[in-house]
Ligand code: GLU
């Protein structure tokens with residue numbers, strides 16, 4: 001394997017059993033790595049203790065092995081790396097790129113309802129910036145008081161660090177990024193020490209991922225991820241977002257669709273080779 005060999009990854013969140021759509025995502029990443037003599041990594045994105053369960057992690061590993069997928073090196077389990085995400089947040093905070101947000105969901109919803117313009121981003125309505133405008137003394141007092149807070153990216157300050165617009169490469173084409181569509185994105189939640197956006201870019205960097213493959217529902221997130229890579233000095237991977245599989249009625253497959261889980265297909269007597277064929281045949 002040369003230094004430029006491709007490194008892909010499959011990064012499921014253990015919030016349910018894998019379904020045919022996950023098999024598709026895993027196979028796309030696995031095949032691209034294997035065909036190029038590169039590396040295929042497996043990462044468990046389990047930072048949200050409310051939604052993730054260890055038994056789903058075990059089931060994911062078992063289902064992938066049954067499917068005939070092998071991965072290189074150890075499985076990276078995000079919940080075992082919380083101090084690393086903290087260090088990345090500290091680095092951003094030291095540069096004045098983050099601010100604490102004390103707002104509750106209800107307060108944000110009220111503020112948005114009361115404002116004339118309520119722009120939406122890929123993660124929902126944009127945060128109106130209430131805590132960005134807090135007087136320094138009040139912010140310090142609330143922090144000193146130990147008040148629960150999230151950490152938000154100060155998008156305007158972050159964008160001001162750019163000499164030219166960011167881009168990302170997908171299938172040989174360069175696309176211009178619009179990270180501002182996320183507003184002041186949450187990088188650490190009150191109840192979860194780091195957000196998906198921070199952990200995914202951090203881990204792709206430390207794991208040396210060169211080609212990020214994932215569903216096209218996450219293409220908007222790439223705009224924000226490129227900004228985080230720029231701010232942290234992390235390398236830029238290439239991207240390949242794939243179509244999502246849908247069921248016979250044209251609805252996107254979801255973890256709630258029990259019938260489509262790999263476990264149920266296996267229990268129904270389907271061979272792994274047949275499930276692989278179905279997962280790759282139906283490209284949405
Ligand atoms: N953990 C994410 C998910 O299950 C995928 C992350 C990614 O591929 O960037 O939706």
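Observations on the model:
- A count restricted to segment 60-76 and to residues that are touching a helix residue (DSSP H, G or I) at 6+ places or on another chain (Cβ under 7 Å) and not in a loop (DSSP other than H, G, I, E, B) stands at 5.
- Per this entry, residue 230 is counted among residues that are away from the ligand (no atom under 12 Å from the Cβ) and either in a strand (DSSP E or B) or touching a residue at least 24 places away in the same chain (Cβ under 8 Å) (or both).
- All conditions but one from (1) surrounded by 15 or more Cβ atoms within 10 Å (Cβ to Cβ); (2) away from the ligand (no atom under 15 Å from the Cβ) apply to residue 42; the one that does not is (2).
- Residues that are at pLDDT 95 or above and surrounded by fewer than 16 Cβ atoms within 10 Å (Cβ to Cβ), drawn from segment 122-141: 130, 133, 135, 136, 137, 138, 140, 141
- Checklist (1) modelled with pLDDT of 95 or more; (2) within 23 Å of residue 192 (Cα to Cα); (3) part of a loop (DSSP other than H, G, I, E, B); (4) more than 11 Å from the ligand (Cβ to nearest atom) applied to residue 12, failing item: (4)
- Every condition in (1) in contact with a helix residue (DSSP H, G or I) (Cβ under 8 Å, 6 or more places away or on another chain); (2) at pLDDT 95 or above; (3) within 16 Å of the ligand (Cβ to nearest atom) holds for residue 243 except the one numbered (2).
- Evaluation of residue 259 against (1) at pLDDT 90 or above; (2) over 22 Å from the mean Cα position of the chain (by Cα) (one fails), failing number: (1)
- Matching entry among 51, 95 (being within 11 Å of the ligand (Cβ to nearest atom), surrounded by fewer than 21 Cβ atoms within 10 Å (Cβ to Cβ) and under 30 Å from residue 129 (Cβ atoms)): 51
- Residues (in contact with a helix residue (DSSP H, G or I) (Cβ under 9 Å, 6 or more places away or on another chain) and either closer than 16 Å to residue 266 by Cα or more than 14 Å from the ligand (Cβ to nearest atom) (or both)) located in segment 28-39: 31, 38, 39
- The numbered conditions (1) within 26 Å of residue 72 (Cα to Cα); (2) touching a helix residue (DSSP H, G or I) at 6+ places or on another chain (Cβ under 7 Å); (3) part of a helix (DSSP H, G or I) are all true for residue 181 except (1).
- Residues of segment 188-222 that turn out to be more than 13 Å from the ligand (Cβ to nearest atom) and not in a loop (DSSP other than H, G, I, E, B), as a count: 2
- Residue match in segment 91-106 (condition: under 30 Å from residue 267 (Cβ atoms), assigned to a strand (DSSP E or B) and at pLDDT 95 or above): no
- Hey, residue 113 more than 16 Å from residue 154 (Cβ to Cβ), at pLDDT 95 or above and part of a helix (DSSP H, G or I) or not: no
The values are calculated or read from the model by the stated rules, or taken from the named source; none is laboratory data. Small disclaimer: the values here were computed from a predicted structure and weren't measured. Note that each Cβ is placed from the backbone with ideal geometry, even for glycine, and that neighbours are counted across all protein chains shown.
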